[in-house]
Amino acid sequence: AGMASQYLEIRDLTVSFGGFKANSGVDMTLLQGDLRFLIGPNGAGKTTLVDAITGLVPATGSVNKSGVELLGKKSHQIARLGVGRTFQTASVFENLSVLQNLDIAAGAGRSVMSLLRWRKAVPEQVEEALETIGLTALRDKQAGSLPHGQKQWLEIGMLLVQDADVLLLDEPVAGMSHDEREETGQLLRRVGAERTVVVVEHDMDFMRAFATSVTVLAGGRVLAEGSVAEVQADPRVQEVYLGT
Ligand code: ADP
């Protein structure tokens with residue numbers, strides 16, 4: 001890890017769709033080791049915020065990653081700068097093995113020269129990722145035959161081998177069994193220890209069990225931020241959730 005523990009500094013982020021502001025003046029600071037849950041009622045602007053950070057929708061303001069401005073860059077450039085993202089439906093190569101999926105992800109976006117330079121480091125990184133996502137024993141299994149939970153883990157592994165140190169995950173435990181949720185939480189703890197993980201989530205039990213901090217969005221703005229206990233005790237947060 002470098003000297004900067006501040007991974008992502010979001011300032012005055014605003015996203016307009018025509019006259020409508022889906023995000024408005026959002027400030028958020030993410031540190032190394034954060035397992036930050038991003039919650040809020042439907043339409044609060046959670047997905048839009050993740051879209052703006054990853055370059056999928058235009059935004060004004062600033063998203064600074066360790067000194068580099070991300071706003072205005074294309075999504076593949078942002079990915080290469082270490083900001084990785086998953087969607088609700090896992091997008092893995094169904095016909096390829098777990099290992100092949102990781103190999104392809106590890107090579108994606110690298111130049112031939114850097115691949116040559118990294119020809120030793122990449123396989124090591126793939127082994128490490130297999131370990132982290134708990135799929136070492138299933139490395140040769142066809143990705144399409146994995147249960148939903150393990151596909152999500154593979155997708156996280158694909159971000160790890162791309163050197164993502166900011167991971168933005170959209171409802172990673174949706175559709176998972178209780179045991180899969182528990183394992184996913186442990187996985188996110190391992191991944192988040194040296195990185196920053198942002199989880200967009202509706203599952204409050206999952207949030208209580210694993211969040212190190214919480215940001216509550218409502219109406220496109222940050223309504224509250226803090227520990228699980230602080231956010232739960234906030235009357236403004238209770239009001240928003242009782243109102244839905
Ligand atoms: P959340 O993820 O919190 O449910 P979204 O970020 O998906 O909220 O949406 C925030 C608001 O922005 C909603 O009112 C939604 O209808 C609106 N919105 C999202 N995407 C677009 C778009 N491409 N064009 C117009 N309005 C949009």
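The values are calculated or read from the model by the stated rules, or taken from the named source; none is laboratory data. Owing to the predicted nature of the structure, the values given are computational and were not obtained by experimental measurement. Neighbour counts run over all protein chains shown; Cβ positions are idealised from the backbone, glycine included.
Tabulated data for the structure shown
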| item | result |
| --- | --- |
| Scope the range 124-157; condition part of a loop (DSSP other than H, G, I, E, B) and at negative phi; matching residues | ILE133, LEU135, ARG139, ASP140, LYS141, LEU146, PRO147 |
| Looking only at the range 206-228, and only at residues there that are part of a helix (DSSP H, G or I) and hydrophobic (A, V, I, L, M, F, W, C), the one that is nearest to the ligand (Cβ to nearest atom) | MET207 |
| Members of the range 17-28 that are surrounded by 15 or more Cβ atoms within 10 Å (Cβ to Cβ) and either within 20 Å of the chain's Cα centre (by Cα) or within 9 Å of the ligand (Cβ to nearest atom) (or both) | LYS21, ALA22, ASN23, VAL26, ASP27, MET28 |
| Any chance GLN32 is touching a residue at least 60 places away in the same chain (Cβ under 8 Å) and among the polar types (S, T, N, Q) | yes |
| Residue that is at pLDDT 95 or above, within 15 Å of THR215 (Cβ to Cβ), more than 16 Å from the ligand (Cβ to nearest atom) and buried (at least 18 other Cβ atoms within 10 Å of the Cβ), where the choices are LEU70, LEU49, LEU13, LEU35 | LEU35 |
| Unmet requirement for ASP165, which otherwise passes all of (1) free of Cβ contacts under 8 Å to residues at least 60 places away in the same chain; (2) away from the ligand (no atom under 16 Å from the Cβ); (3) charged (D, E, K, R) | (1) |
| Failed item in (1) more than 13 Å from the ligand (Cβ to nearest atom); (2) of a type in the set (A, V, I, L, M); (3) at pLDDT 95 or above; (4) more than 14 Å from the chain's Cα centre (by Cα), with ALA44 passing the rest | (1) |
| Failed item, numbered, when THR60 is tested on (1) at pLDDT below 95; (2) within 16 Å of the ligand (Cβ to nearest atom); (3) over 19 Å from ASP170 (Cα atoms) | (1) |
| Members of the range 166-196 that are of a type outside the set (Asp, Glu) and in a strand (DSSP E or B) | VAL166, LEU167, LEU168, LEU169, THR196 |
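Conditions (1) buried (at least 21 other Cβ atoms within 10 Å of the Cβ); (2) within 17 Å of the chain's Cα centre (by Cα); (3) of a type outside the set (Gly, Ala, Ser), marked per residue:
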| site | (1), (2), (3) |
| --- | --- |
| GLU183 | no, yes, yes |
| ARG189 | no, yes, yes |
| PHE210 | yes, yes, yes |
| ARG221 | no, no, yes |
| TYR241 | no, no, yes |
